Each structure stands twice: as structure tokens, then as C-alpha cells.
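A quick write-up on the structure given underneath.
The values are calculated or read from the model by the stated rules, or taken from the named source; none is laboratory data. Quick caveat, the model's predicted, so the values are computed rather than measured. With ideal geometry, Cβ positions are generated from the backbone for all residues, glycine too; neighbour counts draw on all protein chains shown. Calculation scope for accessible area: heavy atoms of the full protein, side chains included, ligands and nucleic acids excluded. Shrake-Rupley method; radii C 1.70, N 1.55, O 1.52, S 1.80 Å.
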Amino acid sequence: MIKIRNSRSTDGERVLEIWRDAVFTTHAFLSHEDRIAIEMEVRDFLPAAPLWLAVNEDDQALGFMLLSGAHMEALFIDPAHHGKGIGHALVNHALTLHECLTTDVNEQNAQAAAFYFRIGFKATGRSECDSQGRAYPLIHLKFQPQSKKD
């Protein structure tokens, strides 16, 4: 059973491990140099960031999410647990906090983009560069719940 909880200072190494494994698995489009530079940036802030964690019955983190208000800054799932509903559980949790949820996804990350579109996000725009100005285009997304048919 998956539980969602706030991160603690003792979760830092596991969160970095999830990030590293997920990026290695899903971000093949990153150059080696950019991946190293991004990892250095992530190491500086991620362990202390106020994250939401999806944990198993043993309290082991399986994925995490970073929210900045109603904007989901990050969603990373341990690749060994992809396809098990963990990302969806974290997004659903975010939607209980902010019904008008937005996020960005790397255009080259087809797996992540497909996930967001499948669960109800719609494209609202595009940027040629990521938030650090690197040449990795982003798709801007907003959650739009399915309308109920009469």
C-alpha cells in the first residue's frame, strides 16, 4: 500500500538515488555534461526541499514530488516501480491541495509526456529552453479534469 507523506531530513540520499535512477532511465536526451551539471544543482537543493514522498509499507520512498504552490516542479519515480500508480497517486495528492495544477515536461521525454496527457493534463504552451536556459524544450501543461457527460 502506498502512503504519501512529507519528506524528512533522513530521506535525502534516497531522494537523490530516485532522481539519479529516473534521469538515467528517462532522460537519454541530456548531454553527459548537462546531466553532470544538473546533478550538481540537484544535490545542492533536493535533499532539503519540502517534498511529498510516496512510500511503501516499510516507509521506503518509491517516488517524490516537489510543489511550488499549484505548480509541480518535479515528479520522479524509482524506475523499478514505474507503471504501478505511484506517479498518479502523487499527482492525485497534489490535486487535493491545488485543483488548478500546472507542470512542465521535457518535450524529448515522451514517456513522461504520455503519462501527463493520459491522466488529464493538456498542453498550454511551449518553451525552447528549460528553466535554466538549456536547449531542452519544455511543454507547459495544466490539469483539466474530464468533463462529465450528461
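Probe radius 1.4 Å, ligands and nucleic acids ignored: give me the carbon and sulfur share of the accessible area of region 1-142 as a rounded percent. In region 1-142, the share of accessible area belonging to carbon and sulfur is 54 percent. Please list, by residue number, everything in region 116-142 whose backbone N is under 13 Å from a paramagnetic label point 7 Å out along Cα→Cβ of Glu73. Only 131-132 fall inside the zone, counting backbone N under 13 Å. Relative contact order for the chain: 20 percent, from Cα pairs under 8 Å spaced at least 6 residues apart, divided by residue count. Above 21 Å, the calculated P(r) of region 1-103 contains 32 percent of its Cα-Cα pairs.
Per residue of the chain, the DSSP helices (runs of n ≥ 4 H) give a summed -39500 (n - 2.57) that works out to -10500 deg cm²/dmol at 222 nm. For region 103-112, putting each phi into the Karplus relation 6.51 cos²θ - 1.76 cosθ + 1.60 with θ = phi - 60° gives couplings of 7, 10, 9, 4, 4, 6, 8, 4, 5, 5 Hz, in residue order, rounded to whole numbers and with x for Gly and Pro. Among all the lysines, which ones have a C-alpha under 19 Å from Lys142's C-alpha, if same-chain residues fewer than 8 places away are not counted? Of all the lysines, those that pass the test against Lys142 - Cα under 19 Å, at least 8 places apart if same chain - are Lys122.
Per-residue SASA remark: Glu39, around 30 Å² accessible (1.4 Å probe; ligands, DNA and RNA not included). Between Arg134 and Asp59, the modelled label-to-label distance comes to 3.4 nm, taking each label 7 Å out from Cα in the direction of the beta carbon.
Between Gln108 and His88, the distance separating the two model label sites (each 7 Å from Cα on the Cα→Cβ line) works out to 2.9 nm. Rounded to the nearest 20 debye, the dipole magnitude of the chain is 620 debye, with +1 charges on Lys and Arg beta carbons, -1 on Asp and Glu beta carbons, and the Cα centre as origin. In the frame of its principal axes, region 63-112 has Cα extents of 28, 23, 13 Å, reported largest first. Here the relative contact order of region 103-150, from alpha carbon pairs under 8 Å that lie six or more residues apart, stands at 42 percent.
Taking 0.36 nm per residue of separation and subtracting the Cα-Cα distance, full extension of the segment from Arg5 to Phe117 would add 37.8 nm.
Looking at region 1-72, the accessible area is 54 square angstrom per residue; that uses a 1.4 Å probe and ignores ligands, DNA and RNA.
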